[in-house]
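Please treat every number below as a calculation from the coordinates, not as lab data. Bear in mind that the values here come from a model prediction, so they are computed numbers and not experimental data. Virtual Cβ from ideal backbone geometry, glycine too; neighbours counted across all protein chains shown.
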Amino acid sequence: MTDVKPEDLREISEANDRLRAEIGKIVVGQDEVIGQMVECIFCRGHALVVGVPGLAKTLLISTIARALSLDFSRIQFTPDLMPSDITGTEVFQEDKTTGQRSLCFIHGPIFSNVVLADEINRTPPKTQAALLEAMQEGQVTAGGQIHLLPSPFFVLATQNPIEQEGTYPLPEAQLDRFMYQIKIGYPTEEEELEIVRRSSSKAEVVIDRVLGAEEIERMQQLVRHAPVADHVIRYALRLARSTRVPGPGEADNRPKVIKDYVGWGAGPRASENLILAAKAKAILEGQTHADIEHVRAAALPVLRHRVLTNFNAEADQVGPDDVIRGLLDAVEVADEDASSLKEVDRLMG
């Protein structure tokens with residue numbers, strides 16, 4: 001395991017501050033949303049961004065790509081979009097010297113560092129599924145050949161929560177590929193005033209490069225190598241496992257809010273992402289290790305798309321966020337973990 005050194009913490013913290021400052025030149029407010037997107041990037045995760053039209057989702061994502069000096073592609077998902085429109089296709093090309101024809105793979109827009117999948121729920125499942133291999137494996141298979149995607153690689157998909165007619169809701173298997181589901185809300189009155197001022201101005205804003213691909217990959221390694229104590233991992237496990245129906249012979253210790261309103265709980269990938277997100281939050285805050293508060297701070301974006309509510313929740317107008325907040329109130333930190341702070345000291349050397 002590579003140690004996370006104080007100079008590494010300073011570097012990543014300063015980079016985070018510069019990145020936020022550059023994004024702030026274009027995007028007004030949305031500090032929590034920006035923070036969660038940056039966490040996903042440093043975790044090598046993908047994000048599903050949910051918000052009504054006009055909240056600058058596309059602008060925010062493209063601005064992040066510019067500040068990170070990464071290649072950016074936008075794919076507008078429509079009902080007639082085909083998988084090959086995303087991944088690319090094989091075409092015949094003729095060698096002008098020899099006259100011979102051969103198959104050549106033409107890369108699709110997914111071959112970028114940052115891919116904006118705009119309104120991902122507007123395209124049929126066959127095309128949505130074309131993203132699965134790319135998101136999970138970092139590659140595309142075409143004509144029996146494997147084509148590696150550039151590194152780093154992030155999919156940031158958007159979805160409109162209010163207009164659902166004629167859409168194809170993402171299946172649970174694909175939702176689980178997204179590390180975070182990020183909600184974007186309306187700006188405050190003062191923020192909206194600043195938005196109108198900027199949009200009506202002719203001033204052109206220059207975004208400075210903050211990080212490049214190699215620097216991002218090194219910082220991703222720092223996040224992966226951040227130590228985490230067993231009691232923090234066990235707390236993340238308790239959160240995720242408390243959302244599931246217990247197996248045969250296991251006691252049903254689920255909180256009442258879960259029993260009443262959850263039809264299907266979060267899988268093991270939720271536990272993994274809770275810890276990974278906690279590490280990112282700790283490193284970006286300049287701390288050497290993740291703790292339980294970091295896990296709790298990551299619970300909403302990690303769990304809200306993995307906890308499926310039932311008809312009782314719909315009848316009582318209880319949403320996934322309400323359920324997760326109730327879960328956080330119900331799952332306490334175990335007393336047996338009090339002595340495990342010594343383990344953190346051991347991990348830190």
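Using a simple spin-label model with pseudo-atoms 7 Å out from Cα toward Cβ, ARG101 and ARG10 lie 6.3 nm apart. One way to sum up the overall shape of the stretch 226-347 is the equivalent ellipsoid from its Cα gyration tensor, whose semi-axes run 27, 16, 11 Å, largest first.
Expressed as an acute angle from 0 to 90° and rounded to the nearest 10, what is the orientation of the C-alpha long axis of helix 6-24 relative to the principal long axis of the chain? That works out to roughly 60 degrees.
Roughly speaking, what is the centre-to-centre gap between the stretch 144-213 and the stretch 7-27 when only Cα atoms are used, to the nearest Å? Here the two parts' Cα centres lie 19 Å apart.
Using R0 = 35 Å, the C-beta based FRET efficiency linking SER201 and GLU285 works out to 0.55. The label-point distance for ALA173 and HIS225, in a model that sets each label 7 Å from Cα toward Cβ, rounds to 3.7 nm. Between 0 and 90 degrees, the angle of helix 268-284 with respect to the longest Cα principal axis of the chain falls at about 90 degrees. Distance from the Cα centroid of the stretch 42-118 to that of the stretch 269-293 is 30 Å (rounded to whole angstrom). Counting only alpha carbon atoms, the long axis of helix 189-199 and the longest principal axis of the chain meet at about 10°.
Each helix, a run of at least 4 DSSP H residues, gives -39500 (n - 2.57); summed and divided by the residues of the chain, these come to -13000 deg cm²/dmol at 222 nm.
Sum up the lysine pairs in the chain that clear both bars: alpha-carbon distance under 16 Å and a spacing of 8 or more or different chains. The number of close lysine pairs in the chain is 4.
Take every pair of alpha-carbon atoms less than 8 Å apart whose residues are at least six positions apart; their mean separation over the length of the stretch 6-215 yields a relative contact order of 32 percent. For the stretch 163-263, GluC sites (Glu not before Pro) are listed when DSSP marks them as loop and at most 16 other Cβ atoms sit within 10 Å of their Cβ; the list is GLU163, GLU165, GLU204, GLU250. Length available on full extension from ASN160 to GLU293: 0.36 nm per residue minus the Cα-Cα distance, which gives 44.8 nm.
What residue among THR243, THR89, THR123 has the largest mean-square fluctuation in a Gaussian network model of the chain, using Cα springs under 10 Å? Evaluated over the chain, the most mobile residue of the options is THR89. When trypsin sites (Lys or Arg not before Pro) are flagged only if DSSP places them in a loop and at most 15 other Cβ atoms lie within 10 Å, the longest unflagged stretch of the chain comes out as 210-349.
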